[in-house]
Amino acid sequence: MKLLILNGPNLNLLGTREPEKYGNKSFENYFSELQFKFRNIELSYDQTNIEGELINMIHNAREDFDGIILNAAAYTHTSVGIGDAVAAVETPVVEVHISNTFSREEFRHKSYISAVAKGIIVGFGLQSYDLAIQSFLNDKNE
Ligand code: DQA
């Protein structure tokens, strides 16, 4: 199984960015842990701060991956284009968030992705990504 983790804007700063909300670990370090834990599957990871690039990454993933784990970060709440990209590809997309967006500001309660995602995992810290991977593995074993 081949899964792609896509992170949106400001998530390149994980580890130093607002650690009380997002923790102290860089995504690169966490990704190495995921690769070790899930060494029986092919995991890839990419990040961009640019909306159109995120859309291109979703398009480009559609032939090569069995699933996408998407944290579109702030674009989640603003981007019709990213929601449309998720709807456009047949590859299942699980939306993840590190923080519980529903316990934060009202503008974070709206997502343009949720309605077209396979599912959403919100508020478990970095573990949200782990749970998303497990959801794909469970599907495969069903
Ligand atoms: C986030 C939540 C978003 O509201 C915020 O803009 C982010 C990170 C999360 O993972 O908790 O950048 O997607």
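The values are calculated or read from the model by the stated rules, or taken from the named source; none is laboratory data. Values in this document were obtained by computation on a predicted structure and should not be read as measured data. Virtual Cβ from ideal backbone geometry, glycine too; neighbours counted across all protein chains shown. Accessible surface areas use protein heavy atoms only, side chains included; no ligands, DNA or RNA. Shrake-Rupley method; radii C 1.70, N 1.55, O 1.52, S 1.80 Å.
Here are the numbers:
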read-out: Inter-probe distance in nm under a simple model that places probes 7 Å from Cα toward Cβ, at N49 and A115; value: 3.1 nm
read-out: Note, ³J(HN,Hα) from phi for segment 50-59, Karplus 6.51, -1.76, 1.60, rounded to Hz, x at Gly and Pro; value: 10, 4, x, 5, 5, 4, 4, 5, 5, 4
read-out: Mean accessible surface per residue for the chain, computed with a 1.4 Å probe while every protein chain stays in place, in Å²; value: 51 Å²
read-out: Approximate spin-label separation N10-R104, in nm, with each point projected 7 Å along Cα-to-Cβ; value: 0.7 nm
read-out: Nearest-0.05 FRET efficiency for F36 and T78, computed from C-beta distance (R0 35 Å); value: 0.50
read-out: Simple Cβ-charge dipole of the chain, Lys/Arg +1 and Asp/Glu -1, about Cα centre, in debye nearest 20; value: 320 debye
read-out: Nearby lysines by direct alpha-carbon distance to K21 (threshold 24 angstrom, same-chain neighbours under 8 apart not counted); value: K110
read-out: Radius, Kirkwood style, for the chain when every pair of distinct Cα atoms is counted (Å); value: 15.0 Å
read-out: Neighbour cut-off at most 14 other Cβ (10 Å), DSSP loop, chymotrypsin sites (Phe, Trp or Tyr not before Pro), segment 1-63; value: none
read-out: Percent accessible area from carbon and sulfur atoms, the chain, protein chains only, probe 1.4 Å; value: 47 percent
